[in-house]
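Below is one structure, written out as structure tokens; the observations come after it.
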Amino acid sequence: MADPELGFHSAIAQCVRSLENLEACLRKAERYARDRKFDVGVLMSGRLSPDMQPFVYQVQSACDYVKHAAGWLAGEAPPKHADTETTVGEIRERISKTVAYVASVSPARYDRAAAQKIALPWAPGKVIGGADYLLQVAIPNIYFHLAMAYAILRHNGVDVGKMDFLGPMNFVDA
């Protein structure tokens with residue numbers, strides 16, 4: 001059973017931070033392609049295995065799970081984004097739209113998040129409680145797709161690693 005006292009806003013804010021970290025990796029991908037004189041668009045269709053979805057899909061999916069979590073847990077329908085991105089600029093815009101939408105959802109709107117009943121399109125006739133949705137569906141899927149995006153970039157030679165995935169940390173003196 002999920003903890004109903006879970007900080008929904010904080011959990012979603014961390015997922016947004018991870019999207020922003022991925023956006024920083026896009027800059028590394030662009031530099032990598034420029035330095036090696038190839039079109040960065042090649043990386044957008046990169047994949048780890050022939051039967052796997054490409055990089056662009058991984059980013060779209062991570063964005064979708066983040067915006068769905070924010071919207072559904074706040075009791076509203078999240079915006080729809082067409083999955084038409086093919087370039088780094090378009091992917092960057094997708095991340096930006098997702099981050100802006102989540103920022104528009106104030107922390108107070110998550111007050112009833114645990115009580116929400118989320119109906120998932122792939123589980124017709126079923127619902128899942130808000131806390132269970134966040135912990136069992138949203139967060140694992142967000143990090144799965146983010147990890148795949150990082151792995152695709154790394155597999156294709158972009159110098160990204162764990163610290164790029166984690167992003168900057170707010171250390172203070174001990």
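What follows is calculated from the coordinates using simple rules that are stated; it is not laboratory data. Here the structure is a predicted model, which is why all the values come from computation and not from measurement. Cβ placement follows ideal geometry from the backbone for every residue including glycine, while neighbour counts extend to all protein chains displayed.
The modelled label-to-label distance between residue 36 and residue 136, using points 7 Å beyond Cα along the C-beta direction, is 4.2 nm.
Only one of (1) 1.00; (2) 1.79; (3) 0.95 was calculated from the structure for Rg/Rh (Cα atoms, Kirkwood Rh), and its label is (1). Which length gain, in nm to one decimal place, applies between residue 81 and residue 52 when the Cα-Cα distance is subtracted from 0.36 nm times their residue separation? Gain in length upon complete extension: 8.3 nm.
Straight distance only, please: which lysines reach the Cα of residue 37 with their own Cα at less than 17 Å, same-chain residues fewer than 8 apart left out? Cross-link targets: 28.
Taking every C-alpha pair closer than 8 Å and separated by at least 6 residues, the mean separation divided by the residue count of region 1-140 gives a relative contact order of 28 percent. Quick check on region 1-60: take the gyration tensor over C-alpha atoms, sort the square-rooted eigenvalues as a ≥ b ≥ c, and tell me if it's rounded (a/c under 1.5), prolate or oblate. Oblate is the answer for region 1-60, as a/c is 1.5 or above yet b/c matches or exceeds a/b.
Taking the Cβ of residue 148 as the centre, find all other residues whose Cβ is under 11 Å away and add up their charges (Lys, Arg: +1; Asp, Glu: -1). It works out to a net charge of +2.
Counting only pairs 8 or more residues apart or on different chains, how many lysine pairs in region 63-174 have their Cα atoms under 13 Å apart?
Values: 67/80; 67/97; 80/97; 117/126.
Taking the Cα cut-off of 13 Å, the pair count is 4.
Sorting the segments 118-125, 40-47 by their mean number of nearby beta carbons within 10 angstrom, highest to lowest, gives 40-47, 118-125.
Which of rounded, prolate or oblate describes region 114-174 when judged by the alpha-carbon gyration tensor and an a/c cut-off of 1.5?
Numbers: a/c = 6.32, a/b = 1.64, b/c = 3.84.
Judged from the Cα gyration tensor, region 114-174 comes out oblate (a/c at least 1.5, b/c at or above a/b).
Annotation for residue 27 and residue 13: the two label points, set 7 Å from Cα along the Cα-Cβ direction, are 2.3 nm apart. Modelled this way, with points 7 Å down the Cα-to-C-beta line, the labels at residue 20 and residue 112 are 3.0 nm from one another. Neighbour counts of other Cβ atoms within 10 Å put 25, 15, 63 in the fewest-to-most order 25, 15, 63.
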